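The values are calculated or read from the model by the stated rules, or taken from the named source; none is laboratory data. Values in this document were obtained by computation on a predicted structure and should not be read as measured data. Positions of Cβ are backbone-derived with ideal geometry, glycine not excepted, and every protein chain shown enters the neighbour counts.
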Amino acid sequence: MDAGFAVGVSSGSSAIELSLRDAGVSNSKQEVLTSALTAPFTAVSIAAAGATPRFADIDPDTLQMDVEDSARRIGKATAALLPVHLYGQPCRIGRFAELARSAKLKLVQDACQAHGARFEGRALTDFGDYVTYSFYPTKNLGCLGDGGAIVTNKAGVAKRLRQMRDGGRGTGGLPRNQIAYTKGINARLDELQAGFLNAFLPRLEEWNAARRRLALIYDEMLAGVRGVGLVKRYPCSVCHLYVIRAAKRDKLREALTTQGIGTGIHYPVPLHLHPAFADSRLKRGGLPHAERAAKEILSLPLWPQLSEDNVGEVAEAVIRFYGS
C-alpha cells in the first residue's frame, strides 16, 4: 500500500482502535469526528479506544464525509478526525489533512474498503501517520477470516503499534516478553491469515482493475436512466462496491431478487441514529444528506470474477424496472 511499515492486526476495528490509542486519543472527554455513513465498526472502534464518536454529514454527490461540514462541527473537545474512504473511493483526504493541521487534531484514516486506492496519484500515507485496513473476506484484499493492518511511514509509530497489539509486552526473551510496558490489547494477526494475504496481495492490482472495468460498464449503461442516480467517482477509486442512488429503492431490490440478482444496502441507517450512539447530540434531521442517502443507496453486484455479461444483465434489469 505504498508505505514504509505495515503492522498486521486482528481486524480493521482493532487497527482503528490501536491507531487512536497510539495518537493519544483514548479518553471519553476526547471526541473523534467521523462520517455518519459507514459501517458501525468505525464508531465502535472509537469507543473501544476510550474516546467519544461524533458524526459529520456527507457530500451528496460522492457519499464521502464532507470536509466543510466537518470543519463546522469541530469543537473544544474534538481531538481527532477519522475520515472514511467509503466504497473504495478515496475521500478528499488532502483537505482533511489540512483541516487536521490547522485545528491541531490527530488524523486517522479508515481505508478498510480502499485497498490500493490513492488520492490524486499519491499514497494515502502521504497525508497522515495512520492508515487502517480490514482484511475481512469480502474486501478487495481479504483473508479467510478477520484480519487488519495499520500502515505508516514512521518507524516509531510502527514499533509502538507492534508492542500495543501484543498486550503491550516487550521483546527479546524473558523477562521482557512477559512484561507489559504499555496498555496494549490482544490484536495480533494470526499466521494463517497472513499466509493467505501474502498469496493474494500480488493479485490486488489485477483485481482492482477488473472492478474498475466492470464499474465503467454499469456507468455507461445506467447513465441517464430516470430513477437512478450515479455516485460521482474519482479515477483512483478501487471500486470496492458499486453503489447507486435509486428511487423506489426497496421495490427495485425486490424486483431484482425475484430475478436472482442479489443486492446490498451499505448502510441503511446513519450512525447518529443507531441506539448505540444516541448520545451523539444529533437527532433525526441533523445530518440530512446522510439520512436521505441511506434511504436511496443500493449496492449492485460487483467482484473481480463477475463477467461483463452478468453486469449487463443486472443493468438491463434495473433499466426494465424503471421503464427507461
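Screening the candidates 159, 183 for the property of being part of a loop (DSSP other than H, G, I, E, B), among the charged types (D, E, K, R) and not assigned by TED's automatic domain parsing to the domain that holds residue 312 yields one hit, 183. Evaluation of residue 128 against the conditions (1) crowded, with 20+ Cβ neighbours inside 10 Å; (2) within 17 Å of the chain's Cα centre (by Cα); (3) not in a loop (DSSP other than H, G, I, E, B) shows that the sole unmet condition is (3).
Scanning the range 190-216 for residues that are closer than 19 Å to residue 319 by Cα, crowded, with 17+ Cβ neighbours inside 10 Å and either of a type in the set (Asp, Glu) or more than 19 Å from the chain's Cα centre (by Cα) (or both) yields one hit, 214. Considering only the range 131-187, how many residues are of a type in the set (S, T, N, Q), touching a helix residue (DSSP H, G or I) at 6+ places or on another chain (Cβ under 8 Å) and crowded, with 17+ Cβ neighbours inside 10 Å? Residues that pass the stated criteria total 4.
Restricted to the range 162-180, and to residues that are assigned to a helix (DSSP H, G or I) and without any contact (Cβ under 8 Å) to a residue 40 or more places away in the chain, which residue is farthest from residue 10 (Cα to Cα)? Applying the filter and picking the extreme gives 176. Looking only at the range 230-247, how many residues end up being surrounded by fewer than 17 Cβ atoms within 10 Å (Cβ to Cβ) and in contact (Cβ under 8 Å) with a residue 24 or more places away in the chain? Selection size over the range 230-247: 3.
Inspect the range 258-267 for any residue being without any contact (Cβ under 8 Å) to a residue 12 or more places away in the chain and of a type in the set (Val, Ile, Thr) and give the result as yes or no. Yes: one or more hits.
If the condition is being out of contact with any strand residue (DSSP E or B) (no Cβ under 6 Å at 6 or more places or on another chain) and over 17 Å from residue 210 (Cβ atoms), then the range 283-312 contributes 283, 284, 285, 286, 287, 288, 291, 292, 293, 294, 295.
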